[in-house]
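Okay, so here's the structure we're looking at.
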2 protein chains.
Amino acid sequence: MRALVLFSGGVDSSTCLALAVQKFAKENVTALSISYGQKHIKEIEASNKIADFYGVEHIYLDLTPIFKYSNSSLLSQSDEKVPEKSYAEQLAEGLGSPVTTYVPFRNGLFLASAASIALSKECSVIYYGAHSDDAAGNAYPDCSSRFNNAMNEAIIAGSGEQLKIEAPFIDMTKSGVVAEGIKLGVPYEYTWSCYEGESAPCGKCATCIDRAEAFRLNGVEDPINYLKD
Amino acid sequence: MRALVLFSGGVDSSTCLALAVQKFAKENVTALSISYGQKHIKEIEASNKIADFYGVEHIYLDLTPIFKYSNSSLLSQSDEKVPEKSYAEQLAEGLGSPVTTYVPFRNGLFLASAASIALSKECSVIYYGAHSDDAAGNAYPDCSSRFNNAMNEAIIAGSGEQLKIEAPFIDMTKSGVVAEGIKLGVPYEYTWSCYEGESAPCGKCATCIDRAEAFRLNGVEDPINYLKD
């Protein structure tokens, strides 16, 4: 049995990759990393290091043209700044729901691309690292279990029951994901989470805030160094 | 209200485009055509003529890299020939279900790409021309109403309820689609259905057979000329 892992090089998908390698053995795992017009290539660099660490096949795909009409603040063409606030603060202040860093139906497109490639490579499962913190308050509706259940059914039905999604963290918080990853020995020092593309993570964007909190809740030091003010 | 039409330049999607233009007016309709590594560019040429005819915005996307690992007989890199048989014959003879011209999760990928672009362009609906003949016997599972219902729910949930799919022909046969198109005055002389890329349609592949039958059942002559033996 073979698995394809949707793999950004961040904390969640790296933990997902570790789980898949544990379950299927590295020879049977393909990691898929996708560019979509982000403001930097730090995630791609991180994904290369971690795929090497695990010794899995690593496929890279560029879907930037699909997002050229979007003004998501995560994208290079956007004139909007990435907010320096947690998701909870952004939602409480009514800055948008979905949040401004939502990239239109990105995870749906990623899962559909993963499905096309997985079927070609005779994988019977896609691993997907979405978790409940990102879905809270509809910040990222394409991380919700409602979305995941429907997309899973679409992939099962649309593939003639040859393929399905496993989303092991869909009902888990990010600190739960980190707890799993610590047990699995995930090399978090290689991961990249920050929305900005500086020499080190900014420590101020929502995903930096969430990441730091997830390590703090586990009583473990995050192995990466943040930018100093 | 704006609509995005998934538009190949064939009979079904051209009829779908006609319906969308009638409902939303051409200024509010965007047609999306996608290359995916087919053996020819006849469909793209056809889509250009028909988009011009209707005066709608026409976006073109190339997703060929996603299918480079696939051996679907519809793709240029495949060594498999397109069967010269109807879908019903292929299924009855056990030549594969899905059929060999199934491109892995293609329609799921197309709908997901359409969703990302539709949200960027402030469309609230995607028009999709799948019909029941293509889904029969699981020839194309990504044309089934089970798939369509799930994909629609994934797009509604994953977009934060900003977008949905309309599939007006999902429970209709291809002859029913042609009946609609005749009423709407669709310029079928510009459409391209054939899986081969000759100077004229082959008349022998499953989609040529289905198309000819759909016109015959309507008692109307197909305005295109087929290759002579």
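Can you tell me how many residues in segment A:145-171 are more than 21 Å from B:Pro98 (Cβ to Cβ) and assigned to a helix (DSSP H, G or I)? Full working, then the answer.
Initially, segment A:145-171 is screened for residues more than 21 Å from B:Pro98 (Cβ to Cβ), giving A:145-150, A:166-171.
So of that shortlist, the ones also assigned to a helix (DSSP H, G or I) come out as A:145-150.
Matching residues across segment A:145-171 total 6.
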> part of a strand (DSSP E or B), among the polar types (S, T, N, Q) and within 15 Å of the chain's Cα centre (by Cα), is that true of A:Ser33?
Replying inline: yes
> Taking B:Glu122, is it in contact (Cβ under 8 Å) with a residue 24 or more places away in the chain and in a helix (DSSP H, G or I)?
Replying inline: no
>> Filter segment B:173-224 down to the residues that are in contact with a Pro (Cβ under 6 Å, 6 or more places away or on another chain), modelled with pLDDT of 95 or more and either more than 21 Å from B:Ala51 (Cα to Cα) or crowded, with 19+ Cβ neighbours inside 10 Å (or both) and list them by number.
In response: B:Tyr188
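Out of all the residues in segment A:36-76, which are acidic (Asp, Glu) and assigned to a helix (DSSP H, G or I)?
Of everything in segment A:36-76, those that are acidic (Asp, Glu) and assigned to a helix (DSSP H, G or I) turn out to be A:Glu43, A:Glu45, A:Asp52.
Results for (1) within 14 Å of chain A (Cβ to nearest Cβ); (2) under 27 Å from A:Ser35 (Cβ atoms); (3) touching a Pro at 6+ places or on another chain (Cβ under 9 Å), shown as yes or no for each residue.
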| residue | (1), (2), (3) |
| --- | --- |
| B:Ala46 | no, no, no |
| B:Asp62 | yes, yes, yes |
| B:Ser72 | yes, yes, yes |
| B:Ser76 | no, yes, no |
| B:Glu80 | yes, no, no |
| B:Pro83 | no, no, no |
| B:Ser86 | no, no, no |
| B:Ala92 | no, no, no |
| B:Val99 | yes, no, yes |
>> I'm told B:Gly137 meets every condition in (1) buried (at least 17 other Cβ atoms within 10 Å of the Cβ); (2) in contact (Cβ under 8 Å) with a residue 24 or more places away in the chain; (3) over 22 Å from B:Val5 (Cβ atoms); (4) within 14 Å of another protein chain (Cβ to nearest Cβ) except one. Can you identify the failing condition by its number?
In response: (1)
> Can you tell which of B:Gly158, B:Gly129, B:Gly197, B:Gly203 is within 14 Å of chain A (Cβ to nearest Cβ), closer than 30 Å to B:Lys68 by Cα and small (Gly, Ala, Ser)?
Replying inline: B:Gly158
> Can you tell which of A:Cys143, A:Cys123 is surrounded by 23 or more Cβ atoms within 10 Å (Cβ to Cβ), within 14 Å of another protein chain (Cβ to nearest Cβ) and touching a strand residue (DSSP E or B) at 6+ places or on another chain (Cβ under 6 Å)?
Replying inline: A:Cys123
> Can you pull out the residues in segment B:11-31 that are touching a residue at least 60 places away in the same chain (Cβ under 8 Å) and surrounded by fewer than 19 Cβ atoms within 10 Å (Cβ to Cβ)?
Replying inline: B:Gln22
> Does B:Lys68 satisfy the condition of being within 11 Å of chain A (Cβ to nearest Cβ), surrounded by fewer than 19 Cβ atoms within 10 Å (Cβ to Cβ) and modelled with pLDDT of 95 or more?
Replying inline: yes
> Restricting attention to segment A:172-229, which residues are hydroxyl-bearing (Ser, Thr, Tyr) and part of a helix (DSSP H, G or I)?
Replying inline: A:Ser175, A:Tyr188, A:Tyr190, A:Thr207
> Has segment B:81-98 got at least one residue that is under 18 Å from B:Gly197 (Cα atoms) and crowded, with 23+ Cβ neighbours inside 10 Å?
Replying inline: no
> Going through segment B:161-179 one residue at a time, which ones are charged (D, E, K, R) and within 13 Å of chain A (Cβ to nearest Cβ)?
Replying inline: B:Glu161, B:Lys164
>> I'd like the full set of residues that are at pLDDT below 95, small (Gly, Ala, Ser) and closer than 24 Å to B:Lys164 by Cβ, limited to segment A:74-126.
In response: A:Gly96, A:Ser97
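The values are calculated or read from the model by the stated rules, or taken from the named source; none is laboratory data. The structure presented is a predicted model; accordingly, all values stated were derived computationally and were not measured. With ideal geometry, Cβ positions are generated from the backbone for all residues, glycine too; neighbour counts draw on all protein chains shown.
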